[in-house]
Amino acid sequence: MLFGSSFVVAHSKSPATPEQILAGEQLKIGARAFTAPGYKPGTIQHIVLFKYKNSVTAAQIEEVRKRFLALKTKARRNGKPYIQRLEAGAQNSGEGADQGFQEGFIVTFRSEGDRNYYVGTPVVTDPKFFDSEHQKFKDFVGPLLAEKQGALVFDFVAQTK
């Protein structure tokens, strides 16, 4: 159970996870406010990494990239695009720390509300408050991803100097 602004987990001495914190925020203010464009304004970077099944072809990977990049204009709120920027690329680091991830995407939003609206499930479960185009993309890409750890998502509020 989550309470207050610190969102502690009842009967646990462990700090709340990001999932628990977001669930608590949404419970406290409701899905409409949680996904509103003005909810927690600031630059939000949503990083997504994919690891594909061995059977996935280069053409399928290209189709994933094409469909993901198309969300820049297809993902809409009240008829208008809300993704500020969307970038994609194949892994090309020689550091040996890629853990098998092959493709990366960075989606930039103007607020946590826009990010919450974009992400949808499992964070926001009411279809009135999440982007159906992004959900269609997730349904498309899911079967192409590796069974274990096929996707990694990391979000942060951008800080610049």
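The values are calculated or read from the model by the stated rules, or taken from the named source; none is laboratory data. The model shown is predicted, which means the values in this text are computed figures rather than measured ones. In this analysis, Cβ positions are derived from the backbone assuming ideal geometry, glycine residues included, and neighbour counts consider all displayed protein chains.
Only residues that are in contact (Cβ under 8 Å) with a residue 12 or more places away in the chain, of a type in the set (A, V, I, L, M) and closer than 26 Å to Glu112 by Cα were counted in the stretch 34-78, giving 9. Filter the stretch 76-105 for residues that are polar (S, T, N, Q) and either on the phi > 0 side of the Ramachandran plot or in a strand (DSSP E or B) (or both); which is surrounded by the fewest Cβ atoms within 10 Å (Cβ to Cβ)? Once the filter is applied, the top-ranked residue is Asn78.
Pick out the one residue from Ile29, Ile21 that is β-branched (Val, Ile, Thr), at pLDDT below 95 and either under 22 Å from Asp155 (Cα atoms) or surrounded by 13 or more Cβ atoms within 10 Å (Cβ to Cβ) (or both).
Details: Ile29 fails: at pLDDT below 95.
Criteria check complete, one pass: Ile21.
Between Ile83, Ile21, Ile61, the distinction of being of a type in the set (Val, Ile, Thr) and farther than 22 Å from Gly142 by Cα belongs to Ile21 only. Restricting the stretch 130-148 to residues that are outside any helix (DSSP H, G or I) and touching a residue at least 12 places away in the same chain (Cβ under 8 Å), the residue that is surrounded by the fewest Cβ atoms within 10 Å (Cβ to Cβ) is Glu147. Among the conditions (1) in contact with a helix residue (DSSP H, G or I) (Cβ under 6 Å, 6 or more places away or on another chain); (2) surrounded by fewer than 19 Cβ atoms within 10 Å (Cβ to Cβ), the only one that Pro127 does not satisfy is (1).
With the structure loaded, tell me whether Gln102 is within 19 Å of Gly142 (Cα to Cα) and free of Cβ contacts under 8 Å to residues at least 60 places away in the same chain or whether it fails that test. Walk me through how you get there before you give the answer.
Values: within 19 Å of Gly142 (Cα to Cα): yes; free of Cβ contacts under 8 Å to residues at least 60 places away in the same chain: yes.
The answer is yes for Gln102.
Checking Thr121, Thr108, Thr73 one by one, the residue that is closer than 21 Å to Ala33 by Cβ and either of a type outside the set (A, V, I, L, M) or assigned to a loop (DSSP other than H, G, I, E, B) (or both) is Thr121 and no other.
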